[in-house]
Amino acid sequence: ELLDKFLSIDDGNSCALPLSGRLALVTPGYKMIDEISVSPYQTLMFPLKHRKKGSQRKRRRRSASGFSPFLTVVPKSDSLDSITLDVRTSVSICTEIPIKIRIVRVGKFPDKYRQHKSKKNIDLTKKNLIIALRRVVEGAPIVYEKCSINEGDTAALPLNVLDSSHFHALLIQPLNERENNLWRDPVLLTKDFLFNPASIRGVTRCHTLSGIVVRKERLNVHVSNKHRNAPISSDTKRSILRRTAWDTTIQVVPFFLLSNSLTFPIVVRTWQTEIEEDELLWDEQLLPNSSADGMDENLISDEDLSSFTPRSKRAAQEDIHLSSGTGSDHYSQDYVAIGETLRLSGISLREPLFIQVSQHVIASEEVEFL
């Protein structure tokens, strides 16, 4: 027997629900997805369609990120008579180290980084792209923040970020015993930047400096009963593209790994000293970040203005990103047992890394490093 009512489930929470094989999902601002077949074996993606808000509603254009709004439903079998459905967006973050993430809404890029054919898109082939990204995120308003993601955990990107008409950037801060680690270089949350289909060297360098690896998987898209009996296109490639979609994972990896293959435990000391930022290549003035600088008013939809996270609702203009921690030196001393691997967090790839190794001994004398 189906439960003839809807239950509200907040982000990160769960709810027990008796089912008879089918259910419906409702996401605020989008049409209801019904007639969902529950399968304990197959992961499906569900396209989201916007609700129409009267004839006066402005025509919505493609999101700035380039991603279409999808929900990914991942079944997990708990026991013989129960299934857990993990419902998330189609872009998620998985990490191998403890991190803190922050998403900011970036303002106007300099004209030199705009494409000639379409001024709304960013030209990723321009030089010094990473410097431009560092500049535009400084002082940008924060729209989402998660203070702690442990090793092996996954966090999905908010739907209002992926389906927004503004550009957004992801910032990653490794967590360890230090209170003020460096923020890694920003990641532009657009499909072209993450997938890098043209293998642009500057974009690949940005991925390296941010410590991310982008993985994507083609998954089946849920087909409603209304379109299930539609004729299949003779073009096989076109038919596959229509019935499948990309599920994207941003994998956060450590910058430095040190494995102990010796027959005794060791102590590793690492440090970095601050060097002067090479930003003399920047030939543009620092531009102020505002939510609609240089944006066409027709691109600003009702969802963009009203669907920020609770953090941004409380302090829309007060919560801004500042690169705190970029002026401190790095120092750590770690014990590495036999066969273990040390994962260093909080270091920068733009500065030299110094390493000292010593055998770990239990003695009253001070350990001398090699």
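The values are calculated or read from the model by the stated rules, or taken from the named source; none is laboratory data. The model shown is predicted, which means the values in this text are computed figures rather than measured ones. Glycine also receives a Cβ, built like all others from the backbone with ideal geometry; neighbour counts cover every protein chain displayed. Just the protein is used for accessible areas: all its heavy atoms, side chains included, with ligands, DNA and RNA removed. Shrake-Rupley method; radii C 1.70, N 1.55, O 1.52, S 1.80 Å.
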* Under a 1.4 angstrom probe, counting protein chains only, how are D185, D10, D34 ranked by accessible area, largest first? -> D10, D34, D185
* **Low-density loop cleavage sites - trypsin sites (Lys or Arg not before Pro) in region 121-216, where at most 12 other Cβ are within 10 Å (DSSP)** => K127
* Name the residues whose placed amide hydrogens come within less than 5 Å of the amide hydrogen of V106, ignoring near sequence neighbours (fewer than 5 apart) on the same chain. => F167, H168, A169
* **Rounded to whole Hz, the Karplus (6.51, -1.76, 1.60) HN-Hα couplings of region 164-172, x for glycine and proline** => 8, 8, 10, 7, 10, 10, 9, 10, 10
* **Using θ = phi - 60° and Karplus 6.51 cos²θ - 1.76 cosθ + 1.60, couplings along region 203-220 (whole Hz; Gly, Pro as x)** => 5, 4, 5, 4, 4, 5, 5, 8, x, 10, 10, 9, 10, 9, 9, 7, 10, 5
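What length, rounded to one decimal in nm, is gained on full extension from A198 through to A24, with 0.36 nm per residue of separation minus their alpha-carbon distance?
On the way: separation 174, 0.36 × 174 = 62.64 nm, distance 3.90 nm.
My answer for the length gained is 58.7 nm.
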* To do: Starting at the first residue of region 145-152, write each ³J(HN,Hα) from the Karplus equation 6.51 cos²θ - 1.76 cosθ + 1.60 with θ = phi - 60°, in whole Hz, x for Gly and Pro.
  => 8, 10, 6, 8, 10, 7, 4, x
* Asked: At what distance in nm do the modelled label points of E274 and S239 sit from each other, each positioned 7 Å from its Cα along Cα→Cβ?
  -> 6.2 nm
* Surface per residue (accessible, 1.4 Å probe) for region 170-215, Å² -> 44 Å²
* To do: Using a Förster distance of 30 angstrom, determine the FRET efficiency expected from the C-beta separation of Q359 and Q251, and round it to 0.05.
  => 0.30
* For K191, net neighbour charge (Lys/Arg +1, Asp/Glu -1) across residues whose Cβ lies under 11 Å away -> +1
